[in-house]
Structures are given as C-alpha cells and as structure tokens.
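Undergrad: Structure below; questions to follow.
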Amino acid sequence: MKRPVIGIIGNQYVIEERYPVHAVGRMNLDAVAHVAGGMPYVIAADPALVSVEELMQVCDGFLLTGGRANVHPDHYGEAPSAAHGAFDQARDAITLPLVRACVEAGQPILGLCRGFQEINVAMGGTLDPEIRDLPGRDNHRMPPDGTLEEQFALRHLVKLKEGGIFHRLMGAQEVMTNTLHGQGIRVPGPRITVEGCAADGTIEAIQVSGAAGFALAVQWHPEWNAAADPVSRPLFEAFGAAARHWAAGHGPAPALKSA
C-alpha cells in the first residue's frame with residue numbers, strides 16, 4: 001500500500017533578506033516520513049496559491065507545524081499589540097478554515113505549537129500573547145542560545161488527564177516535554193477538551209471533542225527526536241495510522257475517546 005500523503009503546513013521566510021520562500025523544517029519531514037509512515041507534502045499556506053478544498057482532495061492528513069509568526073488576534077476578537085509579535089495572515093486564511101473542515105469531515109489533523117494554537121482559535125478559543133508575563137507562570141520560550149539539542153531538550157513535566165487519549169497513547173500520566181513557545185491558550189474553544197497541563201497551569205495537550213476523526217494537538221514540539229522519544233513516537237504513529245485509514249478509503253479512523 002502506498003504511503004498516505006501528509007500535508008505539512010509551511011511558513012514564510014526570506015532568504016538572505018531578499019528571496020521569499022515557503023519552507024518546512026526537516027525534523028517535521030522526518031517525523032512524518034519515518035515515524036508516521038506518510039509521504040511528506042509541503043504546503044504553501046497562502047490562499048493566493050492553494051485552497052482548502054484542493055488540499056483536502058490531495059492530502060490524507062495534515063500536520064500543522066510551529067512557526068515564529070502568531071495567529072492574528074482578530075480571529076479571537078482582540079486588537080493586535082506589540083506583545084502579539086509577528087503575524088502570517090495568509091497562513092491563518094488557510095489553516096483556520098482547514099481545521100474546521102477536517103474536524104467535520106474526519107480527516108486527520110495534528111497540531112504542534114502554533115498548530116496547537118490554531119486549532120484552539122479555529123474552534124472558538126482565545127490566546128494569551130505572552131504567558132511568561134502572567135502571574136505564577138513560567139517562561140516557556142526557547143532558550144536564546146545553545147545548540148539545537150540544548151534548545152529542544154526536555155524541560156518540564158506535562159500531567160495528562162487520567163484515562164484520556166494522550167494518557168492511553170503514551171502509557172503514562174506524566175511525560176517530559178520540550179518547550180519553545182511564547183503564547184498559549186487563554187480560553188479553550190467550546191469543543192476543545194484539555195488533556196494535559198504543565199505545572200504552572202499552561203495548557204499543553206488538547207483534543208477536539210466530537211471530531212469525526214483524529215484531531216489532537218500539543219503545545220510542545222514532538223517532531224524533535226520523534227523516532228526515539230517515547231512521548232513523540234506513539235503520537236506520530238497514531239496520526240499515521242489515522243491517515244492510512246483515510247487513504248485506504250475507509251473514511252475517518254475509529255475515534256480515540258477519553259475514558
């Protein structure tokens with residue numbers, strides 16, 4: 001059987017301060033190809049280039065990646081400020097409706113970092129622009145210096161909902177994760193079920209309740225060391241299994257339900 005096609009949401013960059021590109025990090029490609037067992041397909045997330053309808057016809061599942069730009073606060077009813085950072089409104093215009101369409105159709109989606117935040121906003125939730133400034137919260141941002149290994153190192157525990165999807169997938173109620181984000185969920189959307197939190201209360205793992213198929217997201221970056229990490233590997237393997245089920249023409253994979 002051929003591999004399922006996994007659409008990986010790209011980000012806009014400028015090379016050498018003059019050449020615009022859409023790109024995806026190699027670690028996302030490796031996680032999709034070697035752990036999820038899919039064929040990675042880089043998506044230029046811009047409605048001037050692609051449509052949600054076309055993407056859903058071409059791909060069997062979607063990985064919503066992290067990215068430096070943030071979801072524009074217009075999408076959750078707030079005015080932009082300096083704290084909100086940079087934006088990529090072309091990506092917003094693709095990913096937010098894509099999330100909603102996949103949730104209803106049952107096409108598999110997995111959100112990472114910014115992708116986690118996109119799923120919450122698409123489902124009617126809101127974000128905090130800088131969680132390290134909130135009382136009692138830790139700094140979850142990427143260390144500014146060091147090697148990639150040091151920046152993506154495991155840095156805090158996430159406690160998972162007992163009997164929930166993530167608990168059953170990972171075989172543990174507490175897992176160690178990396179952390180490389182400034183924003184976070186303020187209010188979960190009405191259909192968002194919180195399944196994991198850091199010790200400071202930052203929401204780290206969610207599922208879309210009532211989704212027709214696989215619709216999970218995490219605030220950390222499981223694509224780093226995905227093949228060897230005992231937390232990342234089962235997440236990508238389950239995502240890949242759902243995409244294969246879809247690619248085989250069986251429709252949405254049997255729902256993973258919380259106990």
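The values are calculated or read from the model by the stated rules, or taken from the named source; none is laboratory data. What you are looking at is a predicted structure, and each value in this text was computed from that prediction instead of being measured. Glycine gets a Cβ as well: all are built from the backbone with ideal geometry, and neighbour counts include every protein chain shown. Just the protein is used for accessible areas: all its heavy atoms, side chains included, with ligands, DNA and RNA removed. Shrake-Rupley method; radii C 1.70, N 1.55, O 1.52, S 1.80 Å.
Undergrad: Which value, in Å² and to the nearest 10, is the accessible area of Asp133 when all protein chains are kept and the probe is 1.4 Å?
TA: Solvent-accessible area, nearest 10 Å²: 120 Å².
Undergrad: Excluding ligands and nucleic acids, what accessible area in Å² is computed for Glu53 using a 1.4 Å probe, to the nearest 10?
TA: 120
Undergrad: Then there is this: First compute the accessible area of region 162-259 with a 1.4 Å probe, then give the percent of it belonging to carbon and sulfur atoms.
TA: Answer for region 162-259 is 55 percent, counting heavy atoms of protein chains only.
Undergrad: Another question, then. Report the equivalent ellipsoid semi-axes for region 141-223 in whole Å, largest first, defined as the square roots of five times the eigenvalues of the gyration tensor built from alpha carbon atoms.
TA: 24, 14, 12
Undergrad: OK, next. Roughly how big is the chain's charge dipole about its Cα centre, with Cβ charges of +1 (Lys, Arg) and -1 (Asp, Glu), in debye to the nearest 20?
TA: 640
Undergrad: Which of Val24, Phe62, Gly38 sits farthest toward the positive end of the charge dipole of region 2-78, with +1 on the Cβ of Lys and Arg and -1 on the Cβ of Asp and Glu?
TA: Gly38
Undergrad: Given a 1.4 angstrom probe, what's the average accessible area per residue across region 200-259, in square angstrom?
TA: I get 36 Å² per residue for this part.
Undergrad: On the first, second and third principal axes, largest extent first, how far apart are the outermost C-alpha atoms of the chain in Å?
TA: The Cα atoms of the chain stretch 49, 47, 37 Å along their principal axes.
Undergrad: Any idea what the dipole of region 91-239 comes to, in debye rounded to 20, about its Cα centre with Lys/Arg Cβ at +1 and Asp/Glu Cβ at -1?
TA: 360
Undergrad: Ordering His245, His140 by how much accessible area each has at a 1.4 Å probe, largest first, what is the list?
TA: Accessible-area ranking of His245, His140, largest first: His245, His140.
Undergrad: Cα centroids of region 66-119 and region 125-169: how far apart, whole angstrom?
TA: Here the answer is 18 Å between Cα centres.
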